[in-house]
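The values are calculated or read from the model by the stated rules, or taken from the named source; none is laboratory data. Just so we're clear, the structure is a prediction, and the values are computed from it rather than from any experiment. Note that each Cβ is placed from the backbone with ideal geometry, even for glycine, and that neighbours are counted across all protein chains shown. Heavy atoms of the whole protein, side chains included, go into the accessibility calculation; ligands, DNA and RNA do not. Shrake-Rupley method; radii C 1.70, N 1.55, O 1.52, S 1.80 Å.
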Amino acid sequence: LGGWTVYLDLDRNGAYDANEPSATTNGLGDYTFAGLDRGTFSVRVQSPSGYTPTVPSTGTRLVTLTSGGSATKLLFGQKQVV
């Protein structure tokens, strides 16, 4: 889905904070973070009102990048709460 905010939860508190890097998904749901140093990052989607994470159920994917590394196809599932 396009227009969703994906962010790096630097303090791992489960909430998007203004100082955390973010990206907006394009029409295919793709997003990119550029210029990251090596390390382990907690990647999350900011769920719009009325949605809850399904895959992973925690809503968080941990990614470890090495120097010059990249991570692709980090997929997230969301369902609309009725």
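Given the conditions (1) within 11 Å of the chain's Cα centre (by Cα); (2) without any contact (Cβ under 8 Å) to a residue 40 or more places away in the chain; (3) surrounded by 14 or more Cβ atoms within 10 Å (Cβ to Cβ), and given that Asp30 satisfies all but one, which numbered condition is not satisfied?
The number of the failed condition is (3).
With the requirement that a residue be part of a loop (DSSP other than H, G, I, E, B) and in contact with a Pro (Cβ under 9 Å, 6 or more places away or on another chain), what does region 50-82 give you?
To start, the set of residues in region 50-82 that are part of a loop (DSSP other than H, G, I, E, B) comprises 50, 56-59, 66-76, 81-82.
Residues satisfying the conditions are Gly59, Phe76.
Please enumerate the residues belonging to region 26-44 that are assigned to a strand (DSSP E or B) and among the polar types (S, T, N, Q).
The initial filter retains those residues of region 26-44 that are assigned to a strand (DSSP E or B), namely 39-44.
Within region 26-44, Thr40, Ser42 qualify.
Where the second residue is part of a loop (DSSP other than H, G, I, E, B) and open to solvent by 90 Å² or more (accessible area, probe 1.4 Å) and the first is farther than 14 Å from Gly35 by Cβ and of a type outside the set (Asp, Glu) and lies in region 57-75, which pairs have Cβ atoms under 6 Å and are six or more apart or on separate chains?
What qualifies is Thr66/Arg38.
Being on the phi > 0 side of the Ramachandran plot and open to solvent by 60 Å² or more (accessible area, probe 1.4 Å) narrows it down to one of Arg12, Arg38, so name that one. Steps first, please.
Working: Arg38 fails: on the phi > 0 side of the Ramachandran plot.
Within the list Arg12, Arg38, the selection yields Arg12.
Against the condition assigned to a loop (DSSP other than H, G, I, E, B), open to solvent by less than 60 Å² (accessible area, probe 1.4 Å) and either at pLDDT 95 or above or closer than 18 Å to Lys79 by Cβ (or both), how does Ser47 come out, does it pass? Please lay out each step first, then the result.
Working: assigned to a loop (DSSP other than H, G, I, E, B): yes; open to solvent by less than 60 Å² (accessible area, probe 1.4 Å): yes; either at pLDDT 95 or above or closer than 18 Å to Lys79 by Cβ (or both): yes.
So Ser47 passes the test.
Taking into account only those residues within region 50-70 that are at pLDDT below 90 and open to solvent by 50 Å² or more (accessible area, probe 1.4 Å), which is nearest to Thr25 (Cα to Cα)?
By that ranking, first place goes to Ser70.
Filter region 63-81 for residues that are β-branched (Val, Ile, Thr) and over 12 Å from the mean Cα position of the chain (by Cα) and give the result.
Correct list: Thr64, Thr66, Val81.
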